[in-house]
Amino acid sequence: MTQTLTPTQSSTAGAEPQKTPWWEFFTFSVDHKVIGIQYLVTSFMFYLIGGALASAVRVELATPDSDLVDPAFYNSLFTMHGTVMIFLWIVPAVTGGFGNYLVPLMIGARDMAFPKLNAIAFWLTIPAGLLLMGSFFVGPASTGWTAYPPLSILTDEHVGQAIWILSILLVGTSSILAAVNFIVTIWSMRMKGMDLFSMPLFCWAMMATSVLALLATPVLAGAMVLLGFDLLIGTNFFNPTGGGDPVVYQHLFWFYSHPAVYVMILPVFGIISEVIPPHSRKPIFGYKAIAYSSMMICALGLFVWAHHMFTSGTPDWLRVFFMVATLLVAVPTGIKVFSWVATLWGGKLRLDSPLLFAMGFISTFLIGGLSGVMLGSAPVDIHVHDTYFVVAHFHYVLFGGSVFGIYAGLYHWFPKMTGRMLNEFWGKIHFVLTFIGMHLTFGPMHILGLQGMPRRVAQYDPQFAPINVICTIGALILAFSTVPFVINAVYSWFKGEQAPDNPWNALTLEWTTSSPPIPHNWVGDPVLATGPYDYGEEYKEDRQEAIAVS
Amino acid sequence: MKVNNKLISIVVIIGLIIAASIWYGRNNGLLPVAAGDEATLYDGLFNTILAIAAGFFLIVEGVLLYSIIKFRKRKGDEADGPAIHENLTLEIAWTAIPTVIVMWVAIYSFDVYTAMQGTQDLSGMAHGGMHNAVAHVDHAAHHESGGMHSNSMTSKATLASSNNNGVMMAGVIPSEDSDVVAINVSAMQFAWVFNYTDEIATAELHVPVGKKIRLNMNAVDVLHAFWVPQLRIKQDVIPGRETYLEFTPRVVGEYPVVCAELCGSYHGGMRTTMVIDTPEDYAKWLKEQQEIASNDPEAIVASRPPSQMSEQEYLAGKVAQMGITSKK
């Protein structure tokens with residue numbers, strides 16, 4: 001961690017920033033940086049679409065009656081919202097986007113191990129997204145992002161449901177290809193002198209994520225194929241009228257879909273571990289603990305799926321086993337949270353947008369994590385399962401967690417990706433609006449769920465109306481909060497202040513090349529001058545010497 | 001002296017956090033009225049876990065806020081922070097403490113979980129509470145009894161529960177001294193049907209206060225979930241299987257029965273009422289229902305299987321009266 005390797009060769013000499021021409025982003029480019037940005041921009045567009053769907057859902061819920069859209073279409077709205085946000089926004093953004101852009105740069109590689117596979121993985125998500133959006137013209141799927149049979153087999157929207165299945169199969173395939181690529185890249189393409197424990201924590205997180213995705217996604221694919229058979233050719237894998245078992249689908253679905261939560265959040269944990277140290281000018285606290293905890297979450301994450309099924313008629317012993325496994329996940333997650341807080345403690349916090357979003361992430365993810373522990377307890381879960389408490393919980397994890405983390409990452413690496421700085425003032429406005437909007441939208445949902453409001457309903461008991469109005473106002477603030485970011489990002493990309501190679505004085509390898517980096521990342525061989533987190537007054541001189549020599 | 005002051009401050013702050021957490025755990029007011037024995041057990045567990053969560057919340061958010069104020073970079077200060085990488089004692093402490101706490105929560109949860117189900121046989125068929133068993137439909141018996149039952153779903157439930165030991169079978173009016181009141185529940189898009197006997201089927205659930213109630217539940221079309229928020233219990237109702245739910249109502253009153261599992265367009269409208277009656281009111285109500293049934297069996301639309309009903313009958317008979325407005 002603290003070793004200062006003797007530099008062997010100049011890394012940046014002669015590296016001129018390399019702007020990628022705009023049309024390159026529309027090609028079958030095999031450059032990991034182009035693919036990373038392709039993923040980020042595409043997924044962000046899907047985020048805006050998913051957000052628009054969510055806004056429609058919330059406006060509908062401003063009143064207890066279903067008066068904006070009819071109940072059947074309402075079901076399509078939240079189904080597509082969930083599907084888009086999970087499969088086309090968070091997963092592609094954190095793994096495809098940040099993973100592709102950063103992993104090779106962080107480990108001193110020229111590209112990913114399989115560049116063409118990488119491009120294929122990205123280009124699979126485009127037809128998947130277009131198909132899903134196109135299904136609005138034929139009647140989109142309306143059975144929730146979980147698509148539980150028999151409802152998903154008996155649905156009126158046969159075509160929409162079939163398109164949904166195909167779309168999930170495509171993104172699933174993309175995810176598997178990406179996972180293989182990351183594992184091979186991280187395992188075999190680290191630069192000379194970088195062992196596993198001097199690798200940035202984001203790479204550890206990507207490693208854990210990829211293992212998880214590789215093990216779990218094929219099961220989802222299997223479930224989708226069988227569901228497709230039931231839907232289209234009348235087999236009876238999950239259809240009880242023909243002797244099938246709908247609960248088996250739930251096992252298969254959640255075997256993937258709970259780990260999918262970690263696929264979404266582990267890379268964000270990695271992002272946070274990269275953002276906090278340079279902006280608080282302290283080494284990450286407990287590097288090994290954070291690295292091991294990622295792998296622990298990966299291992300435990302495979303054995304918690306049945307906590308989604310405490311009310312599904314699972315046997316007792318299964319509930320107890322999964323309750324204990326679920327509660328245990330709190331331990332490695334807690335280790336990470338405590339380590340981040342300890343990193344901040346005593347630092348010199350530069351409260352710019354990246355750190356604000358990172359701290360926003362910790363404070364909101366904490367709430368999602370704590371409600372997660374409550375949900376892990378089987379008796380507690382049984383009352384609030386399928387209610388707004390669960391909606392609140394997973395939005396605190398996936399919005400407060402993933403989205404805040406993604407924003408922290410975008411503000412942190414935007415200078416590296418584009419060669420321009422984002423405007424700090426608008427970044428802070430963006431943060432404040434997002435933070436307020438998020439808590440206003442999802443905070444009161446905890447109360448709704450505990451008091452008795454089920455999720456996925458267009459009509460609800462009028463006693464819940466006042467709290468729903470607050471949630472809807474929050475959602476509109478949240479929708480509006482993206483405006484300053486979009487304007488800031490687009491404007492800054494073209495006209496923003498020029499970014500130096502290393503505007504944050506950060507120590508991970510990606511900051512040792514130009515902003516934006518040249519093709520193949522470095523002119524000569526990259527040089528490991530310091531450990532990735534050797535911040536701190538005591539290291540300052542050594543660091544400057546090492547950098548000067550390099 | 002300085003060290004002592006610091007120590008005293010830490011002890012005082014931790015004491016205040018613990019006190020605030022315990023107070024919040026006891027006074028959160030987040031749950032609706034507890035109308036059954038299980039709900040009381042549930043609330044104890046919920047409040048305890050909430051208090052623990054509140055403690056962690058206050059500690060972490062407190063440290064974050066303190067850091068923002070105390071450790072933010074001052075103007076012109078370009079120095080780094082201290083180069084602290086790790087502290088083994090601290091790391092062991094914050095791994096061990098949460099591990100002990102979550103294991104304790106797991107044990108307490110298991111304890112409450114088994115208590116919520118009463119003295120059930122956890123080993124196999126005769127378990128109650130929120131359980132299921134695949135409905136074993138004896139086809140021969142089913143045919144024999146077919147003429148005696150008003151619909152096939154009812155007979156299926158009756159046969160399934162007759163396989164279980166120790167609890168009263170569905171389809172029998174509970175006598176005064178019986179321990180368990182068994183009611184067959186059919187869930188369908190978008191209504192609940194409660195079968196008390198072969199004759200009595202209602203859209204509203206009535207249960208006597210203080211008796212153990214056992215619901216033998218099955219679904220005729222898609223997944224549904226039976227939930228009464230004031231009882232804190234929920235169980236999916238699954239086509240092709242029979243699931244059970246047991247509870248003991250304690251507080252007389254009217255409570256909502258909610259479908260919690262997405263079941264189609266009018267899922268949000270699949271609501272009805274559960275009335276916890278005094279024993280006298282319950283007996284009276286049951287008698288009334290018997291009279292209605294004997295006078296006009298067809299009056300209860302929902303006693304017929306859904307295959308014999310039109311969609312309009314469902315919606316008109318069950319859903320429209322629940323206040324649903326359809327745009328279609």
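Over chain A, DSSP H runs of length four or greater, each weighted -39,500 (n - 2.57), average out per residue to a 222 nm ellipticity of -21500 deg cm²/dmol. Once the Cβ-Cβ distance of A:A52 and A:L166 is raised to the sixth power relative to R0 = 22 Å, the FRET efficiency obtained is 0.45.
Report the rotationally averaged projected area of segment A:147-261 based on its alpha-carbon convex hull, in square nanometres. Don't jump to the answer; show the numbers that get you there.
Details: hull surface 30.9 nm².
Hull-based average projected area comes out at 7.7 nm².
The GluC sites (Glu not before Pro) of segment B:1-86 meeting both criteria, a DSSP state outside H, G, I, E and B (loop) and at most 12 other C-beta atoms within 10 angstrom of the site's C-beta, are B:E78. Ordering A:C203, A:L48, A:T333 by the projection of their Cα atoms onto the charge dipole of the protein assembly as shown, which places +1 on the Cβ of Lys and Arg and -1 on the Cβ of Asp and Glu, puts A:C203 at the extreme positive end.
Which value, in square angstrom to the nearest 100, describes the accessible area buried between chains A and B on both sides, using a 1.4 angstrom probe?
Working: alone 20790 and 18820 Å², together 31970 Å².
Counting protein atoms only, the buried area is about 7600 Å².
Here the spin labels are modelled as points 7 Å beyond Cα on the Cα-Cβ line, and at A:V248 and B:A96 they lie 4.8 nm apart.
So for B:T89, A:T42, A:T364, what's the accessible-area order with a 1.4 Å probe, most first?
So, going from the largest accessible area down, we get B:T89, A:T42, A:T364.
Solvent-accessible surface, computed for protein heavy atoms with a probe of 1.4 Å, shrinks by 40 Å² or more for the following residues of segment B:256-291 when the other protein chains are added to the isolated chain: B:A260, B:E261, B:L262, B:S265, B:G268, B:R271.
Please give the length that would be gained between A:D525 and A:L196 if that part of the chain were fully extended, namely 0.36 nm times their separation in residues minus their C-alpha to C-alpha distance (nm, one decimal). Don't jump to the answer; show the numbers that get you there.
Working: separation 329, 0.36 × 329 = 118.44 nm, distance 1.91 nm.
Stretched out fully, the A:D525 to A:L196 stretch lengthens by 116.5 nm.
A DSSP coil position with no more than 15 other Cβ atoms inside 10 Å describes the following trypsin sites (Lys or Arg not before Pro) in segment B:38-120: B:R74, B:K75. For segment A:496-549, the normalised intensity computed at q = 0.12 Å⁻¹ comes to -0.30 (log10 of I(q)/I(0), Debye sum over alpha carbons, equal scatterers, no solvent). Close amide H pairs (under 5 Å, H built 1.01 Å from N) link A:R455 with A:T387, A:Y388, residues at least 5 positions away or on another chain. Surface composition of chain A: carbon plus sulfur atoms hold 71% of the accessible area, using a 1.4 angstrom probe and ignoring ligands, DNA and RNA.
Compute the FRET efficiency between B:D111 and B:T278 as 1/(1 + (r/R0)^6), taking r as their Cβ-Cβ distance and R0 = 35 Å, and round to the nearest 0.05.
0.65
Taken over the C-alpha atoms, chain A has Rg and Dmax values of 23.0, 74 angstrom. A cut-off of 5 Å between modelled amide H atoms, ignoring neighbours fewer than 5 places along the same chain, links A:I518 with A:Q18. Measuring with a 1.4 angstrom probe and ignoring ligands and nucleic acids, B:L58 comes out at about 70 Å² accessible. Annotation: per residue accessible area for the protein assembly as shown equals 36 Å², rounded to a whole number [probe 1.4 Å, protein chains only].
Where a ≥ b ≥ c are the square roots of the eigenvalues of the C-alpha gyration tensor, would you call segment A:361-466 rounded, which needs a/c under 1.5, or, failing that, prolate if a/b is larger than b/c, or oblate? Could the numbers behind the result be given before it?
Numbers: a/c = 3.38, a/b = 2.09, b/c = 1.62.
Cα axes put segment A:361-466 in the prolate bin.
Rolling a 1.4 Å probe across all protein chains gives A:V490 an accessible area of roughly 80 Å².
Could you tell me what fraction of 2.2 N^0.38 Å the Cα radius of gyration of segment A:218-336 comes to, as a two-decimal ratio? Against the compact-globule rule of thumb, the ratio is 1.38. Between the beta carbons of B:W104 and A:E16, assuming R0 = 41 Å, the FRET efficiency works out to 0.10 to the nearest 0.05.
Along the axis of the charge dipole computed for the protein assembly as shown (Cβ charges of +1 for Lys and Arg, -1 for Asp and Glu, origin at the Cα centre), the listed residues A:G270, B:A53, B:Y108 are led at the positive end by A:G270.
The values are calculated or read from the model by the stated rules, or taken from the named source; none is laboratory data. The shown structure was predicted, so the numbers you read here are calculated from the model rather than taken from an experiment. Using ideal geometry, Cβ is built from the backbone for each residue, glycine included, and neighbour counts are taken over all protein chains shown. In case anyone asks, the SASA skips ligands and DNA or RNA and just uses the protein heavy atoms, side chains included. Shrake-Rupley method; radii C 1.70, N 1.55, O 1.52, S 1.80 Å.
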